[in-house]
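First the structure, in the form of C-alpha cells, and then the observations on it.
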Amino acid sequence: MNLIIHADYLMDAGVLKVIKRSNGFEFTNPGILKLPLEDIYRGGNSKSRNPHMQTMLRMVGFGDNAGSGFPSILAT
C-alpha cells in the first residue's frame, strides 16, 4: 500500500515497480521522501502524497494512516 499511496504520479520519473529477488522484494516508485528518514524508520507519523487514495484504500480494508507502513515492512 505504501508504494501506491506515496508515489508521485505527476513525475515523469518512472512507474511503480515490484521486483522479486531470490532474497526478497524491491519496491520502487517515483518521488522523493516527504519526511526525514529518521521519522520514517521511527514510525508513528504519516504524510501521504495521495491522501484521497489512502482514504479509499483504508475504507476497503487496506492500510491505515498511522505511519506504521515502513516499520511493518522492516518487521516483515
| task | State whether the residues of the range 17-40 include one that is touching a Phe, Trp or Tyr at 6+ places or on another chain (Cβ under 9 Å) and of a type in the set (Phe, Trp, Tyr). | result | no
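Can you give me the number of residues within the range 26-66 that are among the polar types (S, T, N, Q) and in contact with a strand residue (DSSP E or B) (Cβ under 6 Å, 6 or more places away or on another chain)? Quick ask: steps written out before the conclusion?
From the range 26-66, those among the polar types (S, T, N, Q) are 28-29, 45-46, 48, 50, 54-55, 65; that's our starting set.
Filter once more, so that each one left must be in contact with a strand residue (DSSP E or B) (Cβ under 6 Å, 6 or more places away or on another chain): 28.
So the count comes out to 1.
Of the residues GLY69, GLY14, which single one is touching a Pro at 6+ places or on another chain (Cβ under 7 Å) and at pLDDT below 75?
Numbers: GLY69 fails: touching a Pro at 6+ places or on another chain (Cβ under 7 Å).
Just a single option satisfies the conditions, and that option is GLY14.
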| Which residues, counting only those in the range 1-43, are among the small types (Gly, Ala, Ser) and more than 14 Å from LEU74 (Cα to Cα)? | ALA7, ALA13, GLY14, SER22, GLY31
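The values are calculated or read from the model by the stated rules, or taken from the named source; none is laboratory data. Here the structure is a predicted model, which means the values were calculated and not measured. With ideal geometry, Cβ positions are generated from the backbone for all residues, glycine too; neighbour counts draw on all protein chains shown.
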